[in-house]
Each structure stands twice: as structure tokens, then as C-alpha cells.
Amino acid sequence: MSDDVDVVIVGSGAGGGTCAAALTAAGLSVCMLEKGPHYTERDFIHDEVAMCRRWFFTPSPFEEPNVVSIDGKPAARSANGWISCCVGGGTVHMGGYFFRMRPEDLQLRTLHGAPAGSSLADWPITHGELAPYYDEIEKMIGVAGDASKLPWDQPAFPLGPLAQHPVSSVIDAACTKAGLRAFQTPRAILTGAYQGRAACHYCGFCASYGCEVGAKSSTLASLVPIAQKTGKLTLIAGAMVLRVVAEGGRAREVIYTDGKTERRVRARAVIVAAGAVQTARLLLASELANQSGLVGKNLMFSGQTRSSGKFAMPHASFAATGKDFPFLDRTLADFYSTKDKRFAHPKAGIIMLLLPHINPIFQAEQAADRGIDAVPLWGAALTKKLRETFLDTRRVELETFAEFFPHAGSRVELDGSVKDRFGQPVAKVTTALHPATRRAAELLRDEGERVLTAAGATIERPPRDPEVYWFLQAGTARMAAKASDGVIGPDGQTFDVKNLYVADGGALPSAGGAPFTLTIMANALRIARGIAARASRGEL
């Protein structure tokens, strides 16, 4: 039986969309299978209920749950662990905070050792090998920022930085007062017309929403159209992949369903890029690439704490001047790598200062929340709190992103007792913070609050921290130099099946102390280029 295409890609997000653009540009025929729908810009509206509360981007946990256990609590059906199911994946509803990993991130174990109880590993490639792909992917999709203000050397961004809210100057001054250095957060958002796409119009509906003008540099807006223009891409949306089938030690076909009929696509190579949780689920269900026993192990997210600073109104920086912008993008990396002995490990993470999420229902829920075991505010007390939240004060929020040290207590398995609407075993996600991650996240929050206090704000912590940032997933098919230490080699190819690749966050041996979507894309571009070179030599 002949092959249908050169390469099948499972998933269309940061990893899959990047691979599709690179492989089709090299002249390979590609079939990309996406579980969710193919939205267009007119599908994205400023409606919190429709976009954020009715399973627009992720499956309903009633039909397609993950089974999740956090910090040893009983496992329960949950939507946690899903990123996004649509063409473009999680890049469609991301906030677009785009950071490069630093050279030390790829050698943490060698440089600083692994914390006790952690399975931290070095990368099998160097930062120098990855760096050119950072340069290229930023240009391919469009990233905005001011590289001259970063605390490390980096080439200029393709686009200048986003306009900032007036309170940014207050935060900058407070950082200086606190002895810390703030810089403007790089964003995957266009600040000018770029490659046929429109510039941001500063509506503020970024995180949790799709961009209705295509200014956010999702793979939906940038890389998928590039692949489609080659005529080499077959994009099939609504395709739930059930398993990858191998013959004679090689991946030969991918079986998927449209919800009614099972279909098959045969190819010379298969790339799995469904997100770290769902990639592990698919490999486990397919019984492939797991001779090391590490598929699903070393699951990483990003350790997170939150807080906020309240500024009493009236306040000059929050005046209704018509010059306010929805972005306050300030990052502090003073503790990214640190010699501060308060931390349990020299690698900690970043502090981000930003304006509150634009969703009013979410803000009201946060105002009413008094903790998991307490009755929410109600009646007159709630009315008073809402007035304070929406009228009497303005807030600057802080989020920390701490290095998530992998360990045995964070993993993905198959749950044979729970099936999804397709009759498939769902992913069982077990996770907890390593003590070094928890310590870093808490101390980073303390330092961020010190800045907000210096700015004249009153600190208000939420009654509970999210602890895990679910939309950043990594590690379940880690890269390694040897088959005993990982699932894939430095080229992204699984050790067990020579034409089966992983090109999403699951490939990353460490998560870094900042959002790592850009690293997923750069590494996927590197892997795809290797596949294209192999094909050109007749070795695919």
C-alpha cells in the first residue's frame, strides 16, 4: 500500500503548526490532523460567557474529561490538562508572553544539581544549537519587544514594543526603588502590519480569547496559512486521533475518527504534537515508544503564585484620559538564576506585573472568593466588595512563573476506568509541586509584592494560589542523549520507532522559569528542519 503523504502531524498548535510550515516549505506533503474545529477570525467575539465558560476552546469534562489529582487529593473528572482543541491549539487563546530560555536552562543539572527528589535532566543539545531557531521563528510569526532593554543579549525583535498603560512608569519607578530591574515583556502580538496581517488595535481581549484581527501570532494566524499557501498541506479538523500504528518497527499509519467513521492516513513519518498531556496519552494508547518506561513521566507545568496591589481612586495613572492602554507588560528576571540563599535551588523564575484580566464575571468571582472551605461573600458584603473592585480602586496584578522541577509525583497515565465520548481511556494526570518549586514561587511573590508596596499599592492576596499553570505543559516524552534516559533523541525521533517524532512541549527536558511557548516553537522548527534534511537524502 502506498503512502498518502510524506508526513502526518497530530496537532496544529505551537509544535504542530510550526512543523507544518517548515515541512511544506521544504516540499513535503503533509496531513495535519486537528481534534477541534477550524475557527476563523469572525468566530472570535468579546463574550466572556461564550468564549470562556461554554467549552469553546476545550472539550466539556462531562464528555471528554481528564482525571486529575493534585497534591495527593482524590482524582476527579476535570477540564484541567486540556490546552485548546482547535486549529492553532493553545496559541489561539494564549496571552502571547514570549521568552527565550537562557543557556543555563539547558544545563541546570550539570550547573546546579537536581534538588532532592527531582528527576531534573540536562538537554541533549546546547543553547547555541537552539538559538538560530529562536531568531527564525520570531521573524516567521511576528514578536514585539525592545531587546535593548532586556537583562541579557538578544537580537532585535521583528516589531517594536506595544504601547503601555500610564501606570507602567509608576511600576518602573517602584522597581528601581526596590533595587530591581523591570523590562517590557516580549509579546507575540503585532504592533504594525506584518506579512499581510493587521496590527493590534488594543482591545485587551488577548488571554482566553482568539484575536478577531489576526494580530496575535498564533499558528492559526501565521504558520498554518503559510503552509496552506504551498499547496502541500491537507488540514483535517474535527479529527480525533485514536492511535498510531507501527509495522516492522516503523510508524506506518494514524487512525482517527470524525466522531462517526474511523479513517486512516499512511505516511513516511509521523509527528505527535498534541500537547504534553495528550501526546503521552496517545503514545500510551498506541503502546509505542515506551521501552524506557518514561512516556508520561516527568510531567511539568509552571509553578505559579498570584497577588495584586490596589491603588485607591482617584489616581493620576488611572485617570480617564483616553490614553489608557490595556497592556502593562513588566517582567522582573532578577531571580531567574539567583545566588539568594532563601531559595532552595539557584534556578527560580520570573515575576510578571500586569493589569487584571478583562473578564468582569471572573473578576467578580475573585472578589467573592474567600477560600475553598469558606462560603463566598454574599449580600451587602459582596456589594461592598464589588464596589471597591470596580469603582473605588484599580489593581495591578502579579503572577510568578517558577521553575517546575520534575519528580515522580507529576505524571500522565491512562485511566482505564473512565472513557471519553469516543470510547477511549482518558488521561489520568497526577501532579504536585516539588518543594523547591513551591519555595521559589512563594519568594517570587514576596518580591513582587515588595514592588507593588513601593508603588503605593495595598497588597491583596487571593485566598488560594493556583500553584500550577495548566496551559504550559512539558516533559512527558523528554529528549535525551540515551534511550535509557528519555523517549526521543536530540533529533526529536523516538528511540523505539525510527520515523515517529514528538515536537511539542512533551519533548522539553526542563521547563524554564518563564512561559516556554516560544521554546516549543523553536525546538519544533529545529526538529522539522532535521526531518526535511533527512527526506532530501532519501532517509525518511
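The values are calculated or read from the model by the stated rules, or taken from the named source; none is laboratory data. It should be emphasised that the depicted structure is a prediction, and the values quoted were computed from it without experimental measurement. Neighbour counts are summed over all protein chains in view; Cβ atoms, including those assigned to glycine, are modelled from backbone coordinates with ideal geometry. Quick note on the areas: whole protein, heavy atoms, side chains included, nothing else; ligands and nucleic acids left out. Shrake-Rupley method; radii C 1.70, N 1.55, O 1.52, S 1.80 Å.
How much net charge surrounds PHE205 when only the other residues with a Cβ under 11 Å from the Cβ of PHE205 are counted, with Lys and Arg +1 and Asp and Glu -1? Net charge in that neighbourhood comes out at -2. The calculated FRET efficiency for GLU287 paired with GLU41, based on their beta-carbon distance and R0 = 45 Å, is about 0.65. The stretch 486-534 and the stretch 393-439 have Cα centres lying 21 Å from one another. With the alpha-carbon atoms of the stretch 72-218 aligned to their principal axes, the span from lowest to highest coordinate is 47, 44, 35 Å, starting with the largest. For ILE459, the residues whose amide H sits under 5 Å from its own are LYS310, ignoring neighbours fewer than 5 places away on the same chain, with H placed 1.01 Å from N. Per residue, the accessible area of the stretch 168-251 comes to 39 Å² when a 1.4 Å probe rolls over the protein heavy atoms. Counted over the chain, the DSSP beta bridges are approximately 70% antiparallel.
Restricting things to alpha carbons, find the Rg to Rh ratio for the stretch 108-194 using the Kirkwood radius for Rh. Walk me through the numbers on the way to the answer.
On the way: Rg = 17.2 Å, Rh = 15.9 Å.
Reported Rg/Rh, Kirkwood definition of Rh: 1.08.
Element breakdown for the chain at a 1.4 angstrom probe: carbon and sulfur atoms account for 52% of the accessible area.
With charges only on Cβ, +1 for K and R and -1 for D and E, what is the dipole size of the chain about its Cα centre, in debye, rounded to 20?
That gives a dipole near 160 debye.
Remark: relative contact order (the stretch 113-255) = 17 percent; criterion is Cα-Cα distance under 8 angstrom and separation of 6 or more residues.
The P(r) of the stretch 338-427 has a tail past 15 Å containing 77 percent of all C-alpha pairs. For the stretch 145-155, backbone phi angles converted through the Karplus equation (6.51, -1.76, 1.60; θ = phi - 60°) give residue-by-residue couplings of x, 10, 5, 5, 9, 6, x, 9, 7, 7, x Hz, Gly and Pro being listed as x. Between helix 14-25 and the chain there is an angle of about 50 degrees, using the helix long axis and the longest principal axis of the Cα atoms. Compared with the dominant Cα axis of the chain, that is its longest principal axis, helix 517-536 is turned about 20°.
What the stretch 7-51 shows is 28 Å² of accessible area per residue, with the surface traced by a 1.4 Å probe over protein heavy atoms. Database remark: amide H of LEU235 closer than 5 angstrom to the amide H of MET32 (H placed geometrically; neighbours at sequence offset of 5 or more, or on other chains; Pro and chain starts carry no H).
The string of couplings for the stretch 449-454 from the Karplus curve (6.51, -1.76, 1.60, θ = phi - 60°) is 5, 4, 5, 4, 5, 5 Hz, one whole number per residue in order, with x for Gly and Pro.
Electrostatic tally near GLY89: other residues with Cβ closer than 10 Å to its Cβ, Lys and Arg +1, Asp and Glu -1, net -1.
Under a 5 Å amide H cut-off, with hydrogens placed 1.01 Å from N, SER307 pairs with LEU398 among residues at least 5 apart or on other chains. Relative to the longest principal axis of the Cα atoms of the chain, the long axis of helix 276-286 lies at roughly 20 degrees. With protein chains left intact and a 1.4 Å probe, residues in the stretch 421-495 average 37 Å² of accessible area per residue. Computed with the Debye formula from one identical point scatterer per Cα of the chain, without solvent, the log10 of I(q)/I(0) at q = 0.08, 0.10, 0.11, 0.13 Å⁻¹ comes to -0.49, -0.78, -0.95, -1.36.
Summary value for the chain: 24 percent relative contact order, contacts being C-alpha pairs under 8 angstrom separated by 6+ residues. For the stretch 322-427, the relative contact order comes to 23 percent (Cα pairs under 8 Å, sequence separation of at least 6).
Eigenvalues of the alpha-carbon gyration tensor of the stretch 226-360, scaled by 5 and square-rooted, set the equivalent ellipsoid semi-axes at 45, 25, 14 angstrom, largest first.
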